[in-house]
Amino acid sequence: MSTALLARPHPIAGCADALRAVLQDVADVQPVFMSVAEKEVALVELTRAEAQLAELKARVLAVSDDVAVEHGARDVAWLAHATQADPRAARAELHLAMALERRAVVAGGMRSGAVSSVQARVIVEAVEGLPAELGAGLAAQAEQTLVGYAAQHPPRELKRLGRRILEVVAPEVAQAEEGRRLEEEGRAREKASLRFRDLGEGRTRITGVLPTSVAERWKHYLQAFTSPRQRGGDAVRGERVPQHRAYAEAFAALLELLDPARLPEHGGDATTVIVTIGVAQLCSDLGAAGVIAGDGEEAISGTEARRLACQAQIIPAVLGGKGEVLDLGRRMRLFSKAQRRALRLRDRRCRAEGCTIPAAWTEAHHWKPWSAGGPTDLANAVSLCSHHHHRIHDRTYRPELLTNGDVRFSRRT
């Protein structure tokens, strides 16, 4: 009897064996005959199971340094070798595993299947990036808040919320952090550099370090050229241009649009910058602002926002720039540029449920068709990517506007 007890495997080892056995049972089962509802449920549940399995693996990985010692390895390289995995990915898993040892709430979210491993990494990075003087209590509050957000927000949005979590749990500390950001921006400008090296054969290597606000503005310009709507010809021919090459081509196209006659005086045309900041904050020495650039929002100081205002139009988040009318009612069918900017600020992405296409690449859709009396105003507008804009006009699908502003599609029966 005692021999049988000693031979009994550890519950976690037994779980691993049972999982493989269950998976082996369905190894030859084809999903082609599953109903739509069955496939939907299976995919959602398998995704949640992935999170639970990732947490269990992390729990074991966090206490497996003795296995590395056994193999004479310095870290989890032994696991990468044993499973033919990428050592960098294995080390990233180890890093998350060690973090979960310190973050019980995040680990609990993964254990229940409510938080994915990608979301967990975002939350851990946000919480551990908080100022050390914040204290364990507020850090725990931030962790709990972000885990709660994970139920409604994908990793990209969760990362943006993580950057602003300090304003939720400790507004007074956030003010001090804004002062630190001012100093960082000053150092970033002092350390900025841009170098050109002729490689021959008609090529030049450009290397540099730029302030984030400058880099985001540059990236925003390039994305105007690399949007899939601008590269429709490539999609038709079935060609896929790598993003780094697309940026290079966009940079060349951008330079061709500059007016040389204006460069010495104005340094080129200014862009329009949408700044989410209150008037009082904009006028104060310290105030957090958000610049809507590219496919997300970058936090900058009020001082940096005022500096940008010297070279670009500032469109407040609530008002139209220079009195631009945002609600045209029935006077015009097409949305104006001012309305498109407001939509971009409000929606941030294609509002089809689960879609992550940035708002800059979307089209403005009348929720109630203009031909049926729908007004051309923001309350009747929604941002949709080309795919979902075609889908919403497809009578095969029934669109439903959710309370959070997303649009859910379901097939008509």
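Rule-based calculations on the coordinates, nothing more; no lab input. Quantities reported herein were computed from a predicted structural model and do not represent experimental measurements. Cβ coordinates were reconstructed from backbone atoms using ideal geometry, including for glycine residues, and neighbour counts include every protein chain displayed.
Mind checking which lysines have their Cα closer than 22 Å to the Cα of LYS368? Skip sequence neighbours fewer than 8 apart in that chain.
Straight-line reach from LYS368, under 22 Å: LYS337.
Through the Karplus equation 6.51 cos²θ - 1.76 cosθ + 1.60, θ set to phi - 60°, convert the phi angles of the range 246-253 into ³J(HN,Hα) values in whole Hz; use x for Gly and Pro.
Each residue's phi maps through the Karplus curve to give 4, 5, 4, 5, 5, 4, 4, 5 Hz.
What does the charge count around THR83 come to, taking other residues whose C-beta lies under 13 Å from its C-beta (Lys +1, Arg +1, Asp -1, Glu -1)?
-1
Determine which residues of the range 348-379 fall in the zone a paramagnetic label at SER386 would reach in this model, i.e. backbone nitrogen under 13 Å from the point 7 Å along Cα→Cβ.
The answer is 361-363.
What span do the alpha-carbon atoms of the range 73-142 cover on each of the three principal axes, reported in whole Å from largest to smallest?
For the range 73-142, the Cα spread along each principal axis is 41, 28, 15 Å.
Hull surface divided by four, with the convex hull built on the Cα atoms of the range 10-59: how many nm²?
3.9 nm²
If amide hydrogens are placed 1.01 Å from N in the peptide plane, which non-local residues have theirs closer than 5 Å to the one on TYR397?
Answer set, sorted by chain and number: ARG412.
Which number do you get for Rg(Cα) / (2.2 N^0.38 Å) in the range 24-134?
1.30
Rg/Rh for the range 346-411: what does it come to with C-alpha atoms and Rh from Kirkwood?
So for the range 346-411, dividing Rg by the Kirkwood Rh gives 0.93.
May I ask you to list the residues of the range 110-139 whose amide nitrogen lies under 20 Å from a point 7 Å from Cα along the Cα→beta-carbon direction of GLU101?
110-111, 117, 120-129, 136
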